[in-house]
Amino acid sequence: MSIELTDIRAGYGGFMLDQVTATIKAGELTALIGPNGCGKSTLLKTIARQLPLSAGTVRISGRDTAREPTKAIARQVAVLPQHPVVPPGISVGQLVGYGRAPHQNLFGVRSRTDQEKIEAALEAVAIADLRDRMVSELSGGQRQRAFLAMCVAQDTPYVLLDEPTSFLDIKYQYEVLELTETLHAAGKTIVAVLHDIGHAARFATNLVVMKDGRLYATGTPNQILTPELVEQVYGLRTRVYADPVTGSKMVSPVPNMQPSLGHETARTMCVGLD
Amino acid sequence: MSHSVTAHGAGKLPRGLAVGLALAVLFSGALFSLATGGRSDVGLTDLWAPEGIAATVIYDTRAPRMFAATLLGLNLSLSGLILQAATRNPLASPAILGLNQGAALGLSLGLVLPLFSGVPLQVMALVGAFGAGVVTFAISGGFTGRMDSLRLVLGGVAVGAFSYAMVRFAFTLEDELARSVVRWTVGDITDIRWPAVRRLALWGLPGLFAALALSQRLNLMALGQASAQGLGADSRITLLLGTLIAAALTGVSVSVAGPIAFVGLVVPHLAKLLFGGDHRILVPVSALLGAALMLYADGVSKVLTAPVEAPVGVVVALIGAPWFLWQTVFARDLS
């Protein structure tokens, strides 16, 4: 039970994922990190079969997704896109109900199970009191939780999140990340594209680091997150230290990035900061 | 957005009452359509008239026309609703995306080219409308799953203009054709009889069921292509099925009455304003409201410039354009 990517090539016109081979083990909360344009979102969309593969295979729980009907995949994998479209004239309850679509017939008639899963999802994400509100009237944070509840109602073993914290303020960022952690604790396998390395280190059990359309490193945050890795992948000189609250790794850029300052100078400045 | 009319309007009326009201409007529209006509001495009291001129007027002229108006309203508003949902574009309608014009081109080709002489005209209209829709959607990138809304509207305008140019060209070839072709460019139902009503029903009623079967996919489409795919409904398939249904509904309508604009654009927005965004409700409601609008337009077309009749397409535009303008300006949440 895992997501296996073998020799994947995919992507929009110019940009391509290049020979990506990786296994995302079941039960992990995997964070995809890397600089802008490194292909992390492309990889997530490829796993969700939103982008066609030029070569290679994606297997989810052993099944080749290229041969599966879209609806069958939707019963395995829930996706929260980077920019979910807010549907006009739809209440939160209706939106969360759409999460049941892969389990329903053509007309979307709700069964008892559907109703229970919808209730449970609204409770899990703590938006039961918003169920009759229009999605278009919600704040950014509430909206993101509503879409997350839709993914929960979909009741899939795998959940893919594409930058779930973007455009949210710090409170809502942590709220969404903590919800993600709760889902993970409830047994779901989660793959999230995250921009913030600190978030990734704090919440993920597994990191997949990408650069230029290739896999650069994988491992637990404690194993692989080093100043060397960050410099090689992001081209940014940093110090890595333990978060005083959680002990997870945090990254802080070294202030002076002028090329005229050599390695030595920067290191001295670092020491000076200690 | 907190003042979005869509949000406040949705669910304000109890659903049963709302449907009841819509039905009452439809029924009164039907009576209005039946009651009016060139012979002002014939009215509703003649509904039960025995044989005679009054009975002929009612049963051979006004009744088919009333049913035709009903079915045309149903067809065009459903077509517009489906196109708006499948393209996620509030501007989408059979007229703007070129389907109306494509249907007229199909009809003209059916008349002009001997090759197609055996093909029923409404099939030619369907093929023309479907072809126009597919070309428009291909231009906008809809079949790669990344539709661009600006290119969609521009593509529709280009396809529509090209189709119309070809229709006009066919029009110049033969004077005899000109008379039948010109009616497909205006929108007119004055001389409709029972066979045309049968054709409309034969395509329109299955179209209604097909639209109902597509309605949940249209709901998922409203969440964007990525989310729709993630919920098991491939947006390209939704678009293709939607185009097919919309083309069938538009094609048969144009073959009977010509392109009647604004019904497909305005009615879905009115339905969304009153009933929210669930297409499982919007499909039947749009059909109802579209039929009602066409019935009133038919009645007004007979009264407005009596004893001369105004083409129903003109009347619909007279009602539809100001309404659309009002909604554009005051109800910002158009989509």
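The values are calculated or read from the model by the stated rules, or taken from the named source; none is laboratory data. On a predicted model such as this, the values are computed, not experimentally measured, just so you know. Neighbour counts run over all protein chains shown; Cβ positions are idealised from the backbone, glycine included. The protein model used for the area step is the full one, side chains on, heavy atoms only, and it has no ligands, DNA or RNA in it. Shrake-Rupley method; radii C 1.70, N 1.55, O 1.52, S 1.80 Å.
A few points about this structure:
- All conditions but one from (1) more than 30 Å from A:Pro52 (Cα to Cα); (2) part of a helix (DSSP H, G or I); (3) open to solvent by 10 Å² or more (accessible area, probe 1.4 Å) apply to B:Asp188; the one that does not is (2).
- Some residue of segment B:247-254 being among the hydrophobic types (A, V, I, L, M, F, W, C), within 13 Å of the chain's Cα centre (by Cα) and open to solvent by 10 Å² or more (accessible area, probe 1.4 Å): yes
- Some residue of segment A:94-102 being modelled with pLDDT of 90 or more and among the charged types (D, E, K, R): yes
- Those residues of segment A:131-179 which are in contact with a Pro (Cβ under 7 Å, 6 or more places away or on another chain), assigned to a helix (DSSP H, G or I) and closer than 20 Å to A:Thr205 by Cα, in sequence order: A:Val176
Each row is one residue, and each column tells you yes or no for (1) in contact with a helix residue (DSSP H, G or I) (Cβ under 7 Å, 6 or more places away or on another chain); (2) within 12 Å of chain B (Cβ to nearest Cβ).
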residue	(1), (2)
A:Phe147	no, yes
A:Met150	yes, yes
A:Val159	yes, yes
A:Leu168	yes, no
A:Val176	yes, no
A:Leu179	yes, no
A:Ala185	no, no
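- Segment A:84-115, residues that are small (Gly, Ala, Ser), at the interface with chain B (Cβ under 8 Å from one of its Cβ atoms), part of a loop (DSSP other than H, G, I, E, B) and farther than 16 Å from A:Leu138 by Cβ: A:Gly99, A:Gly108
- Contacts under 7 angstrom Cβ, first residue in segment A:91-108 being not assigned by TED's automatic domain parsing to the domain that holds A:Pro69, partner charged (D, E, K, R) and open to solvent by less than 10 Å² (accessible area, probe 1.4 Å), 6 or more apart: A:Arg100/A:Asp114; A:His103/A:Asp114; A:Gln104/A:Asp114
- Any chance B:Gly102 is on the phi > 0 side of the Ramachandran plot and either of a type outside the set (Val, Ile, Thr) or in a helix (DSSP H, G or I) (or both): no
- Within segment B:282-313, tally of residues that are more than 22 Å from B:Gly204 (Cβ to Cβ) and crowded, with 19+ Cβ neighbours inside 10 Å: 3
- Leading residue by the ranking (nearest to the other protein chains (Cβ to nearest Cβ)) among those in segment B:56-86 that are hydroxyl-bearing (Ser, Thr, Tyr) and either open to solvent by 10 Å² or more (accessible area, probe 1.4 Å) or within 16 Å of B:Phe324 (Cβ to Cβ) (or both): B:Ser77
- A:Gly27 vs. criteria at positive phi and at the interface with chain B (Cβ under 9 Å from one of its Cβ atoms): no
- Residues within segment B:125-179 that are part of a loop (DSSP other than H, G, I, E, B) and away from every other protein chain (no Cβ under 14 Å), tallied: 1
- For A:Pro81, the requirement of being open to solvent by less than 10 Å² (accessible area, probe 1.4 Å) and within 12 Å of chain B (Cβ to nearest Cβ) is not met.
- Meets criteria (in a helix (DSSP H, G or I) and away from chain A (no Cβ under 11 Å)) for B:Leu214: no
- Residues (more than 11 Å from every other protein chain (Cβ to nearest Cβ), more than 15 Å from B:Leu152 (Cβ to Cβ) and either part of a loop (DSSP other than H, G, I, E, B) or among the small types (Gly, Ala, Ser) (or both)) located in segment B:217-249: B:Ala247, B:Ala248
- Filtered residue count, segment B:21-46, keeping only those that are touching a residue at least 60 places away in the same chain (Cβ under 8 Å) and surrounded by 17 or more Cβ atoms within 10 Å (Cβ to Cβ): 10
- Single residue of B:Thr250, B:Thr305, B:Thr328 found to be modelled with pLDDT of 90 or more and hydroxyl-bearing (Ser, Thr, Tyr): B:Thr250
- Residue within segment A:106-118 that is touching a Gly at 6+ places or on another chain (Cβ under 8 Å), of a type in the set (Asp, Glu), over 19 Å from B:Leu218 (Cβ atoms) and open to solvent by 60 Å² or more (accessible area, probe 1.4 Å) present: no
- Filter pass, A:Ala48 being closer than 30 Å to A:Leu215 by Cα, within 9 Å of another protein chain (Cβ to nearest Cβ) and either out of contact with any Lys or Arg (no Cβ under 9 Å at 6 or more places or on another chain) or surrounded by fewer than 21 Cβ atoms within 10 Å (Cβ to Cβ) (or both): yes
- Checked against (1) away from chain B (no Cβ under 14 Å); (2) at positive phi; (3) part of a loop (DSSP other than H, G, I, E, B), A:Gly56 passes all but condition (3).
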